Structure formats: C-alpha cells, structure tokens
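These notes concern the structure reproduced below.
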Amino acid sequence: MFLRLLWIVGIAGLAESFSMVFLCCLCVSDLSKLRLSGGGAYFMISRNLGPEFGGAIGILYYLANTVATAMYLVGGVEILLVKILEATFNIKDVTTFCRLIWLRDCQSIRFVQFFAPISLTCVILSILSVLIGGFVAQPNTEKNMICLVGEKLLLPHASMDFNDTMYCNKSQYSPVWLKYCAETNDSNVHCDPYFEKSYVRSVPGIPGFWSGVINENMWPHYMDSGQSIPGEHADVHVEVAQDLATSFFVLLAIFFPSVTGIMTGANMSGDLQDPQKSIPVGTIAATLTTSLIYLALTVLYAGTVHGSLLRDKYGESIGDRMVVSALAWPNQWVLLVGSFLSCVGAGLQCLCIMTTKVFDVLDCYTHKRFTVLASPRLLQSIAKDNLLPFLSPFSQLSSRNEPIKALFLTTLIAECAILIGGIDYIAPVVDFFFLTSYCFVNIACALQTLLKAPNWRPRFRFYHWSLAVLGALLNLFIMFSTFWYYAIVVLALCAALYKYIEFKGAKKEWGDGMRGLALSTAQYSLLRVEESMNLHPKNWRPQLLLLLKVCPHEELQNRKMLHLANQLKAGRGLTMVASIVEGDMTKLADRERAGEMKEKLIAAMREAKVKGFTEVPICENLSDNVGTVIQCVGMGGLRPNTVLLGWPYNWRKSVYENEKHSSSILDAVHRATAADMCLLVVKGILLFPDAFDQLMGTIDVWWIMHDGGLLILLPFLLRQHKVWRQCVLRIFAVAQFDDNTVKMKEDLQNWVYQLRIQAEVHVVELSDSLVAPYTYEKTLLMEERAKLAMDLHLTNEELENEVSLKFVILVKK
C-alpha cells in the first residue's frame, strides 16, 4: 500500500491498476462464507479435504507465512535505512533484523501484544494522512519539483548546479545541457537526439487532486528493465530507470500479498464466542473496508501525483524519499513511522508463538498475519497431527508451552528467503503459496456443497457454491497468468507432499470431503454399471471370488491363492476374498472369531499386495450358505464372475473321515456352476510362485474342448505380471487321428494372431479313448439340445436362447 501501490498505478495506469486491485480483492472475498469451529485455515483444509491434502496445503500455508516474514522485514529495513536513515542496506542488515525479532519473540510474547495496538494506530494515522494530503497538496513546493526532458525523469544532480540550485532548462552550458551535449575538437556541439527534439521543463511532482493529472495517468506505461520511458533506454547516471521488466501480470504478482490477510478471522475462530456469526460478518467487513481503501488510494494516487514521479519506484528524483511520504499531511514522518511499524509488526506476528487472542482488525490495514496461528504455531499443529513423520520433533513444546523449535526453523527459513532479494522478487513466491491454499479452501467449500454432506450447514444466507468455484478459478488464473513456472513448481511440491503422506499411510478419520466424493463417485459408477448389465464380450474380465478356509489360531491355508489372484490382476477386475464361519451371529464369541479371521485375511491380502474386499459371514450350515455367498457377494453390476477354489488336500485318504469337508467342496463347485460363473480349481497351489518370484520357462495350455476362450485368457493375464513375463506361452490343441491336423494348426495360428496373443501352437493327436472322458458330456449336451429343438420346433432365435434350453433340459431330466 505504501511501498509499491503508487508505483504500480504509475506503470499500469488508473484503468488497469484499478482492475488489478479489484481482481485481487475479489479472488479472496468468498472465503468468508466458510463455517469453522476452530483451528484456522489448516484445520479448514485438512478436515474438509482429508489428511493428504490437509498436510500438503498446511505446509504450503506455513511456507507462505514464513516467506512473507522475509518480505515484510525487507520492506521494513528498506524504509528504515534508505528512507529514514538515508543509507544503503544489504542482506546482512535484513538478516540481523530478522534475528533481533526472533530474540524479541522468544523473550516476551507480551511485547508483541503491547506492540500491536501501537502499530495499528500508526497505520490508521498514515492512511488518513495520505487521504488528506492528496486534497491539500501544495503544487509549488520546491522539494517536490521534478525536472523532465520530454517524458524522461531526471535525477536531482542532473539539474543542479554547484550551489544545489535547480536549473531545469535547455540553455547552453546549463546542468541539463552539459549532461546531454558535448563539444567536439572542432568546436562543434553534439547532443543526444532525444534531448534535441524534447522540451526541458520543471513541473510539480504532486500537483494535487484538482489539477486534472488523472487524465494523463489513465493508461499504462509498461517498460523493460533499464528503460526510462517505453521504448527508450535510460542513462542510469542521469535519468530514472526501471529495474524490473513490467507487465500487467508481473505487477499483479507484486501487489497480491497486500490482500493475503483474509484468513485472520478464520485463524482466530477458536477464540471467538460465536464464530458462525463473527467470521462471515467480520471477514466481509474487513474485506470491504480494505478493498475500499485500496481502490480509493489507487484513484487518489492517479489523480494527485505526476505520472513520471509515480513511475519513480524509489523516489530518486526527489532525493530518494518515499513518494507517498511526500504526499502525507502534515509531515512525511507520519507515514514513514507508520509504514515502518507496519512492516515490523507483520514480522513480529509471523514469527510470533502466541497462544492468546490479539487484535484482529490490525490485519485489515497492514495485510499481514496478525493471528493466533502464526507460522511456528502452525508448524507445531501440523507436526502434532503426525502427518509428516520427519516433522515430529517440531511438535514438542517448551516449559512455557511454546513451540521454540518450530520458531527456530521458521526463522531459519525466513533468513533463507531473504536471500531471494527485494520485495519485487519475494512477493511472487509468497503469492503462489497463498494462492494454492486459497484455491483448495474454495474447493473444499464447493465440494462439501455439491456432495450435500449432512454436516455441511453454512449459515450465511448469501452463500452459493458457484462463488467458491469462481474464487478457485481466479486463484488458478492468477497463478498461471503471472509466473506459470512458479505455479508448476508449487503444485508439484503439493503433489509430492500428498503422495508422501499417502505413502506413509496417514490414518486419520476426519469426515473429510474426499471420502464423500469417493462414495458419491462409486455410487454413480455402480448405477451406471447396473443400467448396462448386458456386457459386451470384449469388455469381459475375470472378477475373482476366492473361497478360503481360515482358522483363527492357525496359519492361513492356501495362502498362495492370494498371490495367484495378484498375478491375475492384469485384467484390472474385482477381487473379493470370502471365508465362512460356522456359528451363531447372535453370540459375541462367534462375532469376535469372525473379526479375527477378517483381520487375518486383510493382513494376508496386504502381504500378497492384493487390493480387494473381504467378507467373513457367520452361518450355522456351511454347505447351505456357500451358494448364498456366491449369489449375494458384490453390489449391483460389480459382482464376481469367477470362483477360485483350492483343490482339497488328501481327499482320497480322508474321504470317509472328512466327508463333510469333501461334500462342501463339491457343493461349492455345483453352486458356482449353477450360478453361471467361471470356475477355477487350483491343484498343487503350494508349488505356485509368490508374487515376488520371477520364472523362466513355458506356460502350457492343453486345449481339449472349446471353453469360450477362458483357457487362453488366463495365461495371457499371467504373462502381464512380472512373475510370468519371461515365460513362453504354448497352446496344445487336441485332435483325433482322422482330423486334418495341418489345417487345424493353420486355423489355430490365425485365430491366435487375430487375438494379438503371442503363443506357440502345437496340435497333438490323441486316441478317442483318451479324449472321450472330456468330450462325452459336452457332446451329450449338444445332441440333447439339437433333439429338443427339433421336437419343440424352435426357431433360430429361440435356439440361441441358452437359458430357455437349459431350463427345458433340466425339466425333462
């Protein structure tokens, strides 16, 4: 507001600078519609978007406050040493200042609380001083006179004689003439072409609001670095030159930190008596007040100060004074002291570790972080939630219940940020951390509304989810329109933190909106699948149902079936693991036993890296409920279509002793077949590889009878897994002695080629006696179908209806 807004108005012009200020105020105004119970912005994001987003955005929000500390301190030191003490400053001065503030924070929180109202009073007086000064400015004040050559603004010494008297004219041998002209050896005079064609004049730098200068300051004057006016490079020893290439979006990035105080009310929600009422009203009032002040100052600067002086960022043409301080009434010291204390107060508050409420209204005018959740406290809150294990040391508090370790790290990061340079270079970095946080706050607000979460009940009657969406889009627009490469880096950092927290397994149940979004998406997808139950054959994939036997106090049998299921997951199908517990579900002991079995199944699935679902129903009769599990498991169109069973152990020896077990296996086979499900019975499962092995050799498929292609699909899926990837697929087709094996092999090779499956094809001739056991049942069924179709005079369309024919065959039997 005091250091850069006046320069932004001079470069962008009144029209664009007014739009710029309005855009920045608009993109954060909708944050006031959020309902909070306490904890601030970090609480808002983490409890609405989940621990992954909460931790990632929380770190970015912390970095935003920390880097903002560096920006405020650089601004404060610039005012103190250059404008007040009139000396040059360097990085060492700023870092020393940062350490002094750190020591002040460590020693006494009361000092920060005592300093806050003083800073607030000075800021308010500074604003009033500028507003009054714009209307009572004296145009002919000698110290505010500036010298122009055309539109180029001269440095003071360029128009001063040895008595420090201004001679701003074009007469020969005048100070200005001597800067632009030189006599040659032949007594000729050579002058700068721009000087020759331009007028040299002295004009008031601050002509006043009624001078009509606002018309000249209406349009932009964007320049590259080193230029004095658009398209003209400056002589830096004579003329005021720009030190930064400017455009609308560059200026937007520099100005945006001025409106980053929107979260103050939210951060203090835990200390408010009625946050549901105070936060919306207070935040909107603060936003409107701040916006009106910014817009009023934008118009005041454009209508009061000469355009060339507006573009003098550091006030070099008026003796290195702050241009806005020359506008202040009754004296420049009102504004110098007010702006300096504003920056110091901001740095104190960003590094503050206070736990009690301070002055909320101060943030409205100084645009800084005057909050109970300052940077060290915010870092301590993130570390306390244990989302990022490497931050756990910073969750500790001192004997005074203060996060001293977090304060030390915050100070260190702030000192590193100071190395970036001046305000113009630090501000864009601050922008993107804040903008990312604001974007996700808006997303959280819109997401909760669109999902119609029962716990989302905003009281603000003018709230609408479209405002939150608009705010998020504006945040993204500002990010990518200013410095898009910064935006990519910050979003990549956010994504990396998200994946890190997800990888570390942050188990927090905060009722977040991401889980609600997942449930809504799952419901929508299931309904879509239910509507299109007629699945095309090319979209068919094995949806596995594993029936395993689990004993609570014994090792899981057929554990390697889970590894086999993992190796078949190239089809990306559903995997469900079920085990039936014999007992009574009304008894606590049986329910606890089922819970233990389910935990054992989940652990085994995690070990085998199988992603799926587990079901452990309790029933009194095992054989009667296998069919129930096969029919009822799944939901909607997402149901298993393939049952995976293990071949029983020692079944020949124990058929009489374990008749009940043997009959249950046969019952499962029968019921799976009756349910029109594919059936995979695995024999010798103990010899199958684990999910971490890697095999070399062949996968042999003996294709005795056509099964719809399942025998070809299964080895293809296996070869997509790293365990079987180096194996060669061989297909052995069985032919009888009177078959044309050459033609059969050619047809089979062409068929495999059309399926885009790499496999070796072999035709093996076997006698009828060896093939008959496998083909008898199939042949009998086909003959019976044909005879029934002829007897019943079925049409071709009815003949294709396999369900009807199976029903007729079943009735006849």
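General remarks:
- Annotation: amide H of Met145 within the under-5 Å range of Gly205, sequence separation 5 or more or interchain, hydrogens built in the peptide plane.
- Subtracting the Cα-Cα distance of Gln631 and Ser171 from their residue separation scaled by 0.36 nm leaves 155.2 nm.
- Take 203-209, 589-595 and order them by the average number of nearby Cβ atoms within 10 Å per residue, most first; the result is 203-209, 589-595.
- 17 Å reach of a label modelled at Lys611, 7 Å along Cα-to-Cβ, counting backbone N of the range 715-756: 721-722
- Taking amide H positions as modeled 1.01 Å from N, with prolines and chain starts lacking one, the residues under 5 Å from Val728 and 5 or more places away or on another chain are Gly697, Thr698, Ile699.
- Asp584 versus Cys191: modelled label distance in nm, points set 7 Å from Cα along the beta carbon direction: 11.5 nm
- Built amide H within the under 5 Å cut-off of Val763, gap 5+: Ala733
- The distance linking the range 387-403 with the range 582-603 is 40 Å (Cα centroid to Cα centroid, whole angstrom).
Bear in mind that the values in this text are calculations on the coordinates, not laboratory data. None of these values were measured; they are calculated from a predicted model. Glycine gets a Cβ as well: all are built from the backbone with ideal geometry, and neighbour counts include every protein chain shown.
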